[in-house]
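Have a look at the structure below before the remarks.
The values are calculated or read from the model by the stated rules, or taken from the named source; none is laboratory data. Small disclaimer: the values here were computed from a predicted structure and weren't measured. Virtual Cβ from ideal backbone geometry, glycine too; neighbours counted across all protein chains shown. Ligands, DNA and RNA are stripped out before the accessible areas are found, and what is left, the full protein with its side chains, is counted by its heavy atoms. Shrake-Rupley method; radii C 1.70, N 1.55, O 1.52, S 1.80 Å.
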Amino acid sequence: VLLVFATSDKGGTGRSVTSSNVMYRRALLGDDVCYLDFDFGSPTAGAIFGIDFCARGLPKQDGVGGLHDYLQSRTSEAASIDVWSKSERQEMRDKPLDAGRLVLLPGDESGGEFPSSREVVQRCVRLFVRLQEEFDVCLVDLSAGRSQAIEIVLAATADKQIRNSSIVTRLLVFHRWTRQHILAAQGLVEGARGLLETGAALKHPPRELRSSVRFVRTAVVSSELQRQGNRAAQIAWLKECDRQLKELAGRLKLGPNVVLGQTPLDPMLQWREQLITDDDVWGRHVANSETAKAFQDLALDLDNPTRWEGL
Ligand SMILES: Nc1ncnc2c1ncn2[C@@H]1O[C@H](COP(=O)(O)OP(=O)(O)OP(=O)(O)O)[C@@H](O)[C@H]1O
Ligand SMILES: [Mg+2]
């Protein structure tokens, strides 16, 4: 069972939209998958999945709570939503017969961040252990920066109940292909109070933790786009810029061997956060096939052994 954590240092990196699409692609490939919205400060995953009634998190209801309520012991179970049947999009409700489950565990509307505590961590451990019985892949969207959510899950995954289980954990760090984002992503992993330092303090074996980290570059401008709309001077500048970014990434040890994949800039996603369906690509031609392919490649690479050497 795969337990994937998605994080980034900057906000608005494309972490949630990419993660949602990757899990959707994985469900289309036949796996049972679950998306957990641990972006406690802003739990809007429902909007990406097209589930209007929890677009800003689960509304208050007696006895039913989302992840905020569950982790803070206000309800005994975390609410789960079947994306296929609850999406407002008709194409989603026509679930392909061979697709797996696609389930969202939403946060609570107006929930807000809350600190880690022994009790919260224990609830989190219990949740991960229970989910592994039901799903092939679980993805936890952790919000941006050095968040409480990161502390909670690093403490939970250090727990022996998880370490002694068949759960395999992976950490994806999302960033845009710009100088600021590359520097920030590296700082989040390697810097003071970053992922590795926080993990080590919680007794994660450092080498193992490091080898579970991969980077995902989002909304990268393709050379094709460069050719289409830009002047020769712009294309030359973009190429030089790309060269400098590659050099910077390499110097900071964010080079190809720790990059799981990248997504191309897609006009559809610039205008709306949503799942890109095959109908968007092949039926209505409003999204690029390269984008859907990038999501599918990432979905396959989550547990492709050649991409995770050392683990
Ligand atoms: N490949 C892409 N091409 C163009 N736009 C994209 C792409 N991927 C994501 N976006 C857009 O970038 C914006 C930010 O994406 P998203 O909300 O997923 O980021 P995030 O890192 O989860 O942000 P936050 O920190 O606010 O949770 C969204 O409008 C999204 O649709
Ligand atoms: Mg997000």
Among Val258, Val221, Val216, which is of a type in the set (Val, Ile, Thr) and at pLDDT below 95? Val221
Would region 230-244 turn up any residue that is buried (at least 17 other Cβ atoms within 10 Å of the Cβ) and part of a loop (DSSP other than H, G, I, E, B)? no
Filter region 33-57 down to residues that are charged (D, E, K, R) and part of a strand (DSSP E or B), then give me how many there are. 1
Only one of (1) surrounded by fewer than 18 Cβ atoms within 10 Å (Cβ to Cβ); (2) away from ligand 1 (no atom under 14 Å from the Cβ); (3) not in a helix (DSSP H, G or I) is not met by Val286, so which one is it? (2)
Confirm whether Gly30 is within 13 Å of ligand 2 (Cβ to nearest atom), within 20 Å of the chain's Cα centre (by Cα), surrounded by fewer than 19 Cβ atoms within 10 Å (Cβ to Cβ) and part of a loop (DSSP other than H, G, I, E, B). no
Residues located in region 75-111, provided they are open to solvent by less than 50 Å² (accessible area, probe 1.4 Å), more than 30 Å from Arg284 (Cβ to Cβ) and at pLDDT 95 or above: Thr75, Ala78, Ala79, Leu105, Gly107, Asp108
Regarding Asn304, is this residue closer than 27 Å to Leu139 by Cβ and either hydroxyl-bearing (Ser, Thr, Tyr) or open to solvent by less than 70 Å² (accessible area, probe 1.4 Å) (or both)? yes
Which condition number in (1) within 16 Å of ligand 1 (Cβ to nearest atom); (2) under 30 Å from Gly283 (Cα atoms); (3) free of Cβ contacts under 8 Å to residues at least 60 places away in the same chain; (4) touching a strand residue (DSSP E or B) at 6+ places or on another chain (Cβ under 9 Å) is the one that Arg56 fails? (4)
